[in-house]
Structure formats: C-alpha cells, structure tokens
Amino acid sequence: MSTFVINAEARNDQGKGASRRLRREGKVPGIVYGSETPVAIAISANELAKALQDETFYSSKLTLTLDGKETSVFIKDLQRHPAKPVVLHADFQRLDESKKIKIQVPLKFVNFEKSAASKASAKFAAETATVEILCLPKDLPEALEVDLSKIEMGQIAHLSDISLPEGVEVVALRRGEDHDQGVGYCYAPRGAKAGK
C-alpha cells in the first residue's frame, strides 16, 4: 500500500475571501472531519497536485500532519475548477480503525489478452473506472481487479466478477442481485466477422 503524507496547517479565517487569498498564496483550503471537531486546514497546492497524479492516492490511507500531530485520513471529496486543472477545496475524513468506511477505489481490468475472445480479435470496453466499497481501514485495497481471462464475445463483466479481498464488500451488491451492474463488455470490432 502506498504511503502519502500531506502537510497541513490549521486556518482560522474562513469564507470565500479567505479561500481566494489562500489560493493566491499557492494553497488549497480544506477541512478534516470525522470523530472529533472539524478543523479548517490549508495545504500546499503543488504538494496536493503532485499526490493526485498517483491514482492510488484516492483510495489510500493518508497521513495528515497538522501542527506536528499525525492523523490517519482518507480523501472524501475534491472540488475542482470547472475550466482549469485546479483543486478549489479538499475534504478529508479521519479514520477510525474500528469503523468501516465507504470509499471509491479504482478498477483494474486484467488478463484480457489471455481470453479466447481477445485471441479472436475482440475488444473490451470498460464502462466504469471505480467502484464504491465498504471495509475497515486496515483492509483498504489500492485497487480491485476484474479478471477477464474467461470473458467471451458479447459478454458483460459485472460487479460480481470483481476479485474481492477478505473484508471488502461492494456497496451496490449489498442491496441484492438486481444491483449487479455491468462494469464493462466484450465486443467484436467493426468489420470483424461474427463467431471468429
């Protein structure tokens, strides 16, 4: 599991004007909430932008350093500028090791090249890049794998096809079989002959 450390400073000034000032100083306003009182924070925009380049950042347990104290958190929400590649606000949630968390984690589609469909020139189209899971912080995976080695032409890969580590549940599947939606599908490209 990747280890990310986010250095933050507490801030007392709040509101739109204060947030704009922070952004001009190269900082991103944010908040940390959870089991204790919410704390308004500011973090380096460059440091956050660098961390966000790693897709595992979104589904990792993060270490937030605030006033010399380390807290385990995860990213709950990011507000982005509609036109520029800029984060306007970041929400972090404190982790309680004894309580399950709901979090989006990336999906990795693996072994398609080993399938008979791939050998018959089929293609695979992913319909979603993430899935919402429920687990204890200690069981949090960086990503979940969907094994496509046995997928056939025209077949849909579903949430139930995701390889789940012990202690990890897909939130939608807790609601029943009728919530087992597709995450991708195998198809014949245009011009390919059916059944080949």
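Where a number appears in this text, it was derived from the coordinates with a stated rule and is not lab data. Just so you know, these numbers come straight off a predicted model, no measurement behind them. Positions of Cβ are generated from backbone atoms using ideal geometry, with glycine treated the same way; all protein chains shown enter the neighbour counts.
Report the far tail of the P(r) of region 94-134, meaning the percent of Cα-Cα pairs longer than 12 Å. Walk me through the intermediate numbers first.
Working: 575 of 820 pairs.
Here the long-distance tail beyond 12 Å is 70 percent of all Cα pairs in region 94-134.
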query = Could the peptides 76-86, 55-65 be put in order, highest first, of the mean number of other beta-carbon atoms found within 10 Å of their residues?
reply = 55-65, 76-86
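Dividing the convex hull volume of the Cα atoms of region 137-196 by its residue count, what figure in Å³ per residue is obtained? Walk me through the numbers on the way to the answer.
On the way: hull volume 6.5 nm³, N = 60.
Looking at region 137-196, the number lands at 108 Å³ per residue.
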Global size of the chain as Cα Rg and Dmax, reported in angstrom = 20.5, 66
ask   = Hey, can you rank 103-113, 123-133 by average C-beta count inside 10 Å, highest first?
value = 103-113, 123-133
inquiry  = For region 137-152 and region 19-43, what is the centre-to-centre distance using only Cα atoms, to the nearest Å?
reply    = 33 Å
remark   = For region 1-132, percent of DSSP beta bridges that are antiparallel (nearest 5) comes out at 75 percent
remark   = Given all pairs of distinct Cα atoms, region 74-163 yields a Kirkwood Rh in Å of 15.6 Å
query = What residues of region 131-152 lie in the reach of a label at Glu113, counting those whose backbone N is under 19 Å from a point 7 Å from the Cα along Cα→Cβ?
reply = 145-152
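Would you mind estimating how fast region 1-70 diffuses translationally, via Stokes-Einstein at 4 °C and 1.567 mPa s with the Kirkwood radius over Cα pairs, in µm²/s?
Working: Rh = 12.9 Å.
For the chosen part, D equals 100 µm²/s.
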key: Peptides ranked, highest mean first, by Cβ atoms within 10 Å: ranges 184-190, 67-73   = 184-190, 67-73
